[in-house]
1. Apply the Karplus parameterisation 6.51 cos²θ - 1.76 cosθ + 1.60, with θ equal to phi minus 60°, to every residue of the range B:106-118 and state each ³J(HN,Hα) to the nearest whole Hz, in sequence, with x for glycine and proline.
2. Holding the Cα-Cα limit at 25 Å, pick out from A:K75/B:K117; B:K117/B:K163; A:K41/A:K94 the pairs that are longer than that.
3. Can you list residues from other chains, or at least 5 along the same chain, whose modelled amide H is less than 5 Å from the amide H of A:I62?
4. Sequence gap at least 6, Cα distance under 8 Å: using those rules, report the relative contact order of the range A:24-133 to the nearest whole percent.
5. Applying the Karplus parametrisation 6.51 cos²θ - 1.76 cosθ + 1.60 with θ = phi - 60° to the phi angles of the range A:88-97, what ³J(HN,Hα) value in whole Hz is obtained for each residue in order, glycine and proline being reported as x?
6. Sorted from shortest, what are the nm distances separating the label point of B:Y106 from equivalent points in the other copies, each placed 7 Å from Cα along Cα to C-beta?
7. About its Cα centre, what dipole magnitude does chain B give when the only charges are +1 on Lys and Arg Cβ and -1 on Asp and Glu Cβ, stated in debye to the nearest 20?
8. With θ set to phi - 60°, apply the Karplus curve 6.51 cos²θ - 1.76 cosθ + 1.60 along the range A:51-60 and write out the HN-Hα couplings as whole Hz, x wherever there is a Gly or Pro.
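Derivation of every value follows stated rules applied to the coordinates shown; laboratory data play no part. Everything quoted here is computed from the prediction, not taken from an experiment. Methodologically, a virtual Cβ is constructed for each residue, glycine included, from the backbone with ideal geometry; neighbour enumeration extends over all protein chains shown.
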Number of protein chains: 2
Amino acid sequence: MADVKSGTNPLFLREEELRQSIELLFFAYRDFTDGPDQILKDYNFGRAHHRVIHFVGRNPGITVSELLEILRITKQSLSRVLNALVERGFVEQKAGVSDRRQRLLYLTDEGKVLERKISHVQQQQVAKAFREAGGEAVAGYRKVLEGLINEADRDKALSRIMKK
Amino acid sequence: MADVKSGTNPLFLREEELRQSIELLFFAYRDFTDGPDQILKDYNFGRAHHRVIHFVGRNPGITVSELLEILRITKQSLSRVLNALVERGFVEQKAGVSDRRQRLLYLTDEGKVLERKISHVQQQQVAKAFREAGGEAVAGYRKVLEGLINEADRDKALSRIMKK
DNA sequence: GATTTTACGTCAGCCATGTTGACTTAATTT
DNA sequence: AAATTAAGTCAACATGGCTGACGTAAAATC
């Protein structure tokens, strides 16, 4: 009991630290998505469109099924969002060369402009946090986030992130 | 050009690092919410219910308006979720003592059980990532996430997280 | 060459969770 | 006594998930 009150119970401390870290992630993510959300509003796009724009921008020529795997949503959900982006000229589809069933996805020039506009805001925000925290903290941040990614497809996810 | 190709252009490097860090946060958050989501399914609850359970659990006696401020949703959105939790006996409301207009929120015993069940899974996941990354990395992780919180209400958010 | 599988698409309907706007009630403050 | 505040409610709508069923063209397999 004295342990709990004085805060020297390691289990208690650990749990409290974990709770704080979990809440921290909630608040950080909440504000992390805020900038993009504001811009997307002007285009009548939502977060779902942003995710597509982001991953197509980062992976030109990505196939529909690869995108589905990353986003972990159904093709019916994706289609709504993707069709809107194609119809409004932000994304274009080209038939695959080796496999013509595939629809390879690319940002149009207009899509690239929007992508840069959105990611710029987000990059500024992250850059500020990085500058304030310092290089060592950034390395720690990345290490922990990597560890939070599901072990089953961590390697796949990380190689997608770090590639090129 | 040689700079870009060899990767020594600091601006290019910076942007690439930022992009990676942004994507990392996306993947980490995606998997971070997965464990709770699975448990909540069994109760026919969703992420919105989880957020309420979490913040009521962490802040016994929190008022509705405080909760609204944290979650940044409308009271109409909250009411749907909160009513379900009250009706099904996970949350209870008591009139405020100094201000009887307030409805102070508490987890019931059943609510506490569910809260612990969910947070346990999430804490295990975070604890594992922390162990693998090491104490210094954890400090960095926290520092960066703090910096990602909107400056306008960072102090308020942090004092809520770290309090007690 | 015929059959099966794969990549992708579509239609239809449902559910969770967010939104706005208008209005009510009870309690507190001015 | 009047105004403000905390909370709730009704209604309607948007977004973005989901399942299930079915279609088409291209590739892979038997």
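1. 9, 6, 6, 4, 4, x, 5, 4, 5, 4, 5, 4, 5
2. Distance filter (> 25 Å) returns A:K75/B:K117; A:K41/A:K94.
3. Here A:L105 satisfy the definition.
4. Relative CO of the range A:24-133 lands at 29 percent.
5. 8, x, 9, 9, 10, 10, 10, 5, x, 7
6. 6.4
7. 640
8. For the range A:51-60, the Karplus curve yields 4, 5, 4, 4, 6, 5, x, 7, 10, x Hz.
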